[in-house]
Amino acid sequence: MTTKWKETGRIVGQSKIGEGIYSMWIQTEEIAGHAVPGQFISVYCKDGSRLLPRPVSICEIDKEMKQLRLVYRVAGKGTEEFAKMTAGDSLEILGPLGN
């Protein structure tokens, strides 16, 4: 059985790297220390009308700094919400998931 954690991650950086494509670094307590390449996390929207989390693949892991890098494309209202976030903002995440 794989352990997963639900925690509040803190955005340490976000940049637009292409048209509608963003790179986001998230500080975690547990997830980055246990994630491996090929896994993903579920990212929860703050807008209560969107109950289901958005699955986003982990692009890079910095276990020493306890950080995850996500690269995602804005595809709807949930990812549009994430694209507006900046360093210091927090978001609820669940992971690591998949194998």
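The values are calculated or read from the model by the stated rules, or taken from the named source; none is laboratory data. These numbers were taken from a predicted model, which means no experiment stands behind them. Every residue, glycine as well, gets a Cβ built from its backbone with ideal geometry; the counts of neighbours run over all protein chains shown. The area values use the complete protein model at the heavy-atom level, side chains included, leaving out ligands, DNA and RNA. Shrake-Rupley method; radii C 1.70, N 1.55, O 1.52, S 1.80 Å.
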Counted charge near GLN27, where neighbours are those whose Cβ lies closer than 15 Å (Asp, Glu -1; Lys, Arg +1): -4
Kirkwood Rh (inverse of mean 1/r, distinct Cα pairs), segment 1-65, angstrom: 13.2 Å
Cut-off 15 Å between beta-carbons: net charge of the residues surrounding LYS63, Lys and Arg +1, Asp and Glu -1: -3
Per residue value of the accessible surface for the chain (all protein chains in place, 1.4 Å probe), Å²: 58 Å²
Net length gained if the chain between GLU30 and SER42 were fully extended (0.36 nm per residue, minus Cα distance): 2.9 nm
Length-normalised contact order of the chain in % [C-alpha pairs under 8 Å, at least 6 apart]: 40 percent
Segment 25-39 versus segment 41-57: alpha-carbon centroid distance in Å: 17 Å
Computed label-point distance, nm, for sites THR86 and LYS66 using a 7 Å Cα→Cβ extension: 2.5 nm
Flagged links, alpha-carbon separation over 18 Å, of LYS16/LYS46; LYS46/LYS84; LYS4/LYS63; LYS4/LYS66; LYS6/LYS46: LYS16/LYS46
Residue-averaged 222 nm ellipticity for the chain, from DSSP H runs of 4+ at -39500 (n - 2.57), nearest 500: -2500 deg cm²/dmol
